[in-house]
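Here is the structure we will look at, set down as structure tokens.
Only the coordinates and a few stated rules stand behind these numbers; no lab work does. Keep in mind that this is a model prediction, so the values were computed, not measured. Here the Cβ positions follow ideal geometry from the backbone for every residue, glycine too, while neighbour counts run over all protein chains shown.
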């Protein structure tokens, strides 16, 4: 499990950029995240379109991501899945 990303602070806004998340977090976080939580921040005349307040990310990382990771580790690898797919012919 990758580490929690540190927050950026701009004009009192504590945030992270989704594009800066480690790959093992990015997809799961985007799936979990409600679109209304994404914010835009204008920094040095450039708009960052993929920002999220840090407390939303922290909540996800502390409460949701460990469950997702546990589930992924428990999955049977695809190449061995057929071994466990038993059926009974009637």
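Here is how the numbers come out for the structure above:
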| quantity | calculated |
| --- | --- |
| Efficiency of FRET between residue 45 and residue 2 - r from beta-carbon atoms, R0 41 angstrom, step 0.05 | 0.80 |
| Taking only Cα atoms of region 8-70, radius of gyration then Dmax in Å | 12.0, 41 |
| Ranked 17, 11, criterion: other C-beta atoms within 10 Å, fewest first | 11, 17 |
